[in-house]
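**Student:** After the structure tokens below, expect a handful of questions from me.
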Amino acid sequence: MKAKMNRVVLIFGFWITLSLVSICETSNDTWNKIREKKARIVKKLKKDFRKLKKQEGAVKLVGGENEYEGNVEILHDGKWGSVCDDEWDYLEANVACRQLGFDGAIKPTTNGHFGQARRKYWMDNVYCDGSEEELFKCRFDGWGRSDCESSEAAGVICARDQQDRRDRGAIRDEVKAKPEKQRIKDIHRQGVAIRLAGGRVHSEGRLEVKLGNSDWGVVCGDGWSLFEAAVVCRQLGLGYASDAVQTNFFGGEKMPMAISGVQCHGDENSLVDCLHDKVLDCPGSVENVASLVCLRDMPDLVFDHIELMRTAHLEDRQLFWLQCAMEENCVASQAYRIQKESENWHLETRRLLRFTARILNAGTADFRPSVPKHLWEWHMCHMHYHSMEVFATFDVLDLNGSRLAEGHKASFCLEDNQCLPGIEPRYKCANYGDQGISVNCTDVYRHNIDCQWVDISELTPGEYVFKVAVNPEFKVGEMSFDNNAAICRLRYTESFAAVHGCVMGRP
């Protein structure tokens, strides 16, 4: 019996020894895989914890098909709110994704890519330098201060893990290729009829389409803009597009959804020449109905590129003299880092590319701001109210079209500075007066006014593209947007800058 027990112990010990040897011989790759798996689990737990935290400044993603994508919402004063896409770019998207525990952003999204904003906007004009750990630590206009519409929700597509970072190029391609679009007339060859319905007058309402012999249906409002509305107004002989809205205000929520993802350049003669989703895909389809308002008379802004070339010049200026402009985000983010880190920040010098912006209204109706008068903001630098939060954009790009200098989104007070003979100026900024640009009148922002510049302090000498655009977010309808931007060449040396070769184009 004792011998038998010894044999059992011996066999058991031999088995244990073999197991230990087997474990010891396990490859380093296996151990590395185990460690990587544990690290991913820990990271996911941290991310989930951050998402669940109901503390001031917490963020979450909504409307996406997966947890790593969606419109960004932020918690303030115990309530969730949306983030507007004004100034929304990779820097801001990266901060939001890192706060959620992801490895950064693959792509920032705008124009309600994941559906319309569901809540009040908490943040607008968000400026991040990329070093912030949480989104609310970036500069922005202030909690709840926004003029954005529900279609301007900012969103992100985040990198899920290290594999995403390695496959980022492929993921970007997937994002761009989805959903697939094709011209309407190439899919629906039996003919397409359109009409407006539900409006108070014949020139407004929801857009209804009839595809071949099918019943009348509505168009998904996802991505619906003034460009698509302009084609509809032209096709129906109703003039120009004044408004393009995504709403069921004109009814249609009980009608079938006919097509989605309509995308036009704006100069097509018929809606069938535009692109649309091959497969119907409409987020929030009950209230997301494409609607529009057409008008016969519309404004038409024309930017004076000759005046831009004539007046462009460099100025070096100490931050001490730019403190007011810094409050309006008129300098690059490096200036704000210097302000935080240096006691003598006010002695540091910034290099500014100054120029005059001269804008003519060549249309048949006055250009009026989209924001009602009681929402205008007082700007201390200019000592008057600004009626449009983003009336112009100033950008320096490389020759491939990538933005280099941070650029600047400028608020303007709109008034009649110069008018053609026989035209009486109607709009003045002084004394809280009405703002706008009359037909055949010009608004002039001279180069010596605060914020009428681009901060190019970090730009190296070379050849660049300089682009100035007015009404860049298309918040006010016009006859045409093809003359709203000046795209110019910029030659920059250490002591000289020349803007030349400007052509007109679309923002």
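**Student:** Using a cut-off of 11 Å between beta-carbons, work out the net charge of the residues near F250 (Lys and Arg +1, Asp and Glu -1, F250 not included).
**Tutor:** Its environment carries a net charge of -1.
**Student:** Mind grabbing the accessible area of T493 for me, 1.4 Å probe, Å², rounded to tens?
**Tutor:** 50
**Student:** Accessible area of segment 352-504 with a 1.4 Å probe: how many percent of it is carbon plus sulfur? Each step should come with its number before you reach the end.
**Tutor:** Working: 3300 of 6400 Å².
Accessible surface attributable to carbon and sulfur in segment 352-504 totals 52 percent.
**Student:** Express in nm, to one decimal, how much length is gained between K137 and D297 on full extension, taking 0.36 nm for each residue of separation and deducting their alpha carbon distance. Could you put the intermediate results ahead of the total?
**Tutor:** On the way: separation 160, 0.36 × 160 = 57.60 nm, distance 4.46 nm.
Full-extension gain reported as 53.1 nm.
**Student:** Name the GluC sites (Glu not before Pro) in segment 463-505 that are in a loop by DSSP and that have at most 14 other C-beta atoms within 10 Å, would you? Please list the in-between numbers first.
**Tutor:** Values: sites: E463, E473, E478, E494; in loops: E473, E478, E494.
Passing both the DSSP loop test and the Cβ count: E494.
**Student:** So, one more: With every protein chain present, what accessible area does M479 have (1.4 Å probe, heavy atoms only), rounded to the nearest 10 Å²?
**Tutor:** Its accessible surface works out to 50 Å², give or take rounding.
**Student:** Using Cα pairs closer than 8 Å and at least 6 residues apart in sequence, work out the relative contact order for segment 302-438, in percent. The partial results should precede the final answer.
**Tutor:** On the way: 204 pairs, mean separation 30.4, N = 137.
Relative contact order, segment 302-438: 22 percent.
**Student:** Does anything in segment 239-264 have its amide N under 18 Å from the 7 Å Cα→Cβ label point of Q190, and if so which residues?
**Tutor:** 256-260
**Student:** By how many nm would the segment from A197 to T349 grow when fully extended, if each residue of separation counts as 0.36 nm and the alpha-carbon distance is taken off? Spell out each step's value before the answer.
**Tutor:** Numbers: separation 152, 0.36 × 152 = 54.72 nm, distance 5.88 nm.
Full extension from A197 to T349 adds 48.8 nm.
**Student:** Compute the distance in nm between two label points, each set 7 Å from the Cα along the Cα-to-Cβ direction, one at E341 and one at R183.
**Tutor:** 5.4
**Student:** How high is the FRET efficiency between V444 and Q334 when r is their beta carbon distance and R₀ equals 41 Å, given to the nearest 0.05?
**Tutor:** Calculated transfer efficiency: 0.85.
**Student:** Now for a separate question. In segment 327-407, what trypsin sites (Lys or Arg not before Pro) fall in a loop by DSSP, with at most 14 other Cβ atoms inside 10 Å?
**Tutor:** Numbers: sites: R337, K340, R350, R351, R354, R358, K373, R403; in loops: none.
Answer in residue order: no site qualifies.
**Student:** Just name one of S242, L226, A193: the one whose Cα is farthest towards the positive end of the charge dipole of segment 185-248 (beta-carbon charges, Lys/Arg +1, Asp/Glu -1).
**Tutor:** A193
**Student:** Mind giving me the nanometre distance, one decimal, between the label points for K79 and D281, set 7 Å out from Cα along Cα→Cβ?
**Tutor:** So the two model labels end up 3.3 nm from each other.
**Student:** May I pose another question? What share of the DSSP beta bridges in segment 198-337 is antiparallel, in percent to the nearest 5? List each step's numbers first, then the result.
**Tutor:** On the way: 15 of 17 bridges.
About 90 percent, rounded to the nearest 5.
The values are calculated or read from the model by the stated rules, or taken from the named source; none is laboratory data. Here the structure is a predicted model, which means the values were calculated and not measured. Note that each Cβ is placed from the backbone with ideal geometry, even for glycine, and that neighbours are counted across all protein chains shown. For the accessible areas, the whole protein counts, side chains as well, though only heavy atoms, and no ligand, DNA or RNA atoms are used. Shrake-Rupley method; radii C 1.70, N 1.55, O 1.52, S 1.80 Å.
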